[in-house]
Amino acid sequence: MRSGGVANGAGAAASRPGHEVYEVFVQSSALEPHTHVGSVLAPSAEWALQVARENFARRGTAVNLWVVRRRDIAATPADDGDFFVREFDRTYREVSGYSDNARRWKRFKARAMTMDEVMDDVRGG
Amino acid sequence: MTQTLYTRFMARIERGEKIEAADWMPDDYRQLLLRLIHMHAVSEIMGAYPEKEWVPRAPTLRRKLSLMAKVQDEIGHGQLLLRVAEDLAEPLGRTRDDLMRDVMTGRVKFHNVFHLEAPTWADAGIIGWLVDGAAIITQTALLDCSYGPYARVLRRICAEESFHMQHGESIILTLAEGTPAQREMLQEALERWWEALLFFFGPPEVTASARKMMEYRIRSRTNEELRQKFLSRYVPRIRAVGLRIPDSRLRFDEETGRWTYTEPDWERLGRMVRENDGPKSRERIGLRRRAHEEQAWVRDALVRAGHAAMV
């Protein structure tokens with residue numbers, strides 16, 4: 001783990017005197033997380049927000065923008081896959097680990113439930 | 001040490017992994033990418049000039065609005081690409097100002113089509129339809145580029161180009177549906193642009209650097225493959241709207257499955273790009289220089305304001 005050089009960027013040195021690289025995150029609606037979309041070069045955070053709006057929010061919707069100085073971001077190296085390695089089977093954490101439920105419910109003449117169906121039922125009123 | 005890094009790098013390339021800006025990369029990978037992306041960035045910016053010339057003269061308010069949106073997109077694409085280029089240039093000690101100054105000193109080239117005149121509204125239409133069409137083909141061919149930052153920016157650019165595609169077609173369709181004078185204007189514009197469009201994809205020979213770029217998976221198709229794609233997509237549509245392509249040798253060879261065409265004048269058009277001596281090269285570079293110099297005080301003021309905010 002290191003700071004000052006994020007996975008999608010190079011070093012932290014400004015490419016223009018008095019400027020810094022800011023990473024840009026756009027939130028497209030209040031229920032969506034902020035998503036990284038790219039970076040801008042700007043002399044201040046305030047100006048980075050202006051440039052980010054012009055570069056990344058000309059179309060579509062945006063309800064919020066974040067700009068973060070690249071050197072303030074800590075990231076895992078992009079070329080180190082080991083950090084995310086799965087040492088053993090983790091299907092016990094996932095829906096796919098329980099695919100036999102549907103077959104077993106059949107014996108009891110009932111049906112397996114899904115999350116989607118519960119959400120539709122509860123929210124649909 | 002370098003040998004091990006190189007072997008590891010090539011193994012990543014061959015596994016189809018994306019390379020990021022902070023990763024180790026061979027010098028020639030960096031140089032090839034930088035040259036490609038720098039030219040791409042500058043071409044987006046210089047490409048806005050022929051179209052911006054038509055903003056004050058657009059025939060309707062709607063056309064004016066859409067043309068302004070397009071010009072803004074091209075400049076925006078230039079900015080996204082410059083960010084990618086300057087991260088690559090940083091270890092070489094080159095900054096954004098250097099990359100922009102290279103346009104004025106002729107150290108970086110931009111696409112041949114942006115050195116040419118756009119004397120009529122039909123030229124603006126041909127630019128929107130066929131020049132953008134050709135650019136879309138070369139850009140989509142780079143979407144699988146092994147360099148992650150470039151591939152991500154290209155996805156955004158291509159999404160916006162889909163508007164440009166419709167915009168260009170709309171202008172052409174209006175002229176093609178119009179009066180005989182409008183159709184004649186369109187025909188004349190096509191005749192002015194045809195040779196330059198064929199040139200746009202570059203020479204058919206696969207150069208050493210093109211081969212290296214394929215090895216590094218920066219690109220995967222040759223110039224000629226892309227030119228053939230362009231011809232297959234656009235020749236039938238150009239003919240469908242009743243236009244005549246100014247090349248009596250143009251035909252599709254059923255046997256080879258390829259288009260044969262009269263080669264553009266590689267020497268003359270190549271010189272235009274190398275020496276910036278197209279009909280509009282000097283004037284547009286002059287406008288770029290003026291914008292760069294006259295806005296220097298704004299950049300300085302922003303830096304001072306940024307410092308003031310920090311204390």
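No value in this document is a laboratory result; all are computed from the given coordinates. None of these values were measured; they are calculated from a predicted model. Counting neighbours? That spans all protein chains shown, and the Cβs are built from the backbone with ideal geometry, glycine included.
Here are the numbers for this structure:
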item: The stretch B:1-77, relative contact order [Cα under 8 Å, separation at least 6], %; result: 25 percent
item: Relative contact order (%) - criterion: Cα under 8 Å, at least six apart; region: chain B; result: 20 percent
item: Whole-number percent relative contact order across chain A, with pairs defined as alpha carbons under 8 Å at least 6 apart; result: 27 percent
item: Peptides ranked, highest mean first, by Cβ atoms within 10 Å: ranges B:105-114, B:236-245, B:72-81; result: B:72-81, B:105-114, B:236-245
item: Cα centre as origin, Lys/Arg/Asp/Glu Cβ charges: the protein assembly as shown dipole, Debye; result: 620 debye
item: Rh by Kirkwood over Cα pairs, then Stokes-Einstein D for the protein assembly as shown at 1.567 mPa s and 4 °C, µm²/s; result: 53 µm²/s
item: Cβ neighbours within 10 Å from other chains - mean over B:23-32; result: 1
item: Rounded to 5, percent antiparallel among DSSP beta bridges of the protein assembly as shown; result: 95 percent
item: Cα gyration tensor, the stretch A:31-120 - rounded (a/c under 1.5), prolate or oblate; result: oblate
item: Rounded to 10°, Cα long-axis angle of helix A:115-124 versus longest principal axis of chain A; result: 80 degrees
item: Only Lys, Arg (+1) and Asp, Glu (-1) charged, at Cβ; the stretch A:17-125 dipole about Cα centre in debye; result: 640 debye
item: Dipole of the stretch B:2-310, positive direction: furthest Cα of B:68, B:103, B:208, with charges on the beta-carbon; result: B:68
item: Chain B, dipole about Cα centre (Lys/Arg Cβ +1, Asp/Glu Cβ -1), debye to the nearest 20; result: 420 debye
item: Residue (of B:285, B:235, B:220) at the positive-pole extreme of the stretch B:2-310, dipole from beta-carbon charges; result: B:285
item: Evaluated at q = 0.17, 0.19, 0.21, 0.24 Å⁻¹: base-10 log I(q)/I(0), Debye formula over Cα of the stretch B:38-127; result: -0.73, -0.85, -0.97, -1.14
item: Rg over Rh, two decimals, chain B (C-alpha only, Kirkwood Rh); result: 0.99
item: Helix A:45-56 vs. chain A, principal-axis angle (Cα, 0 to 90°, nearest 10); result: 60 degrees
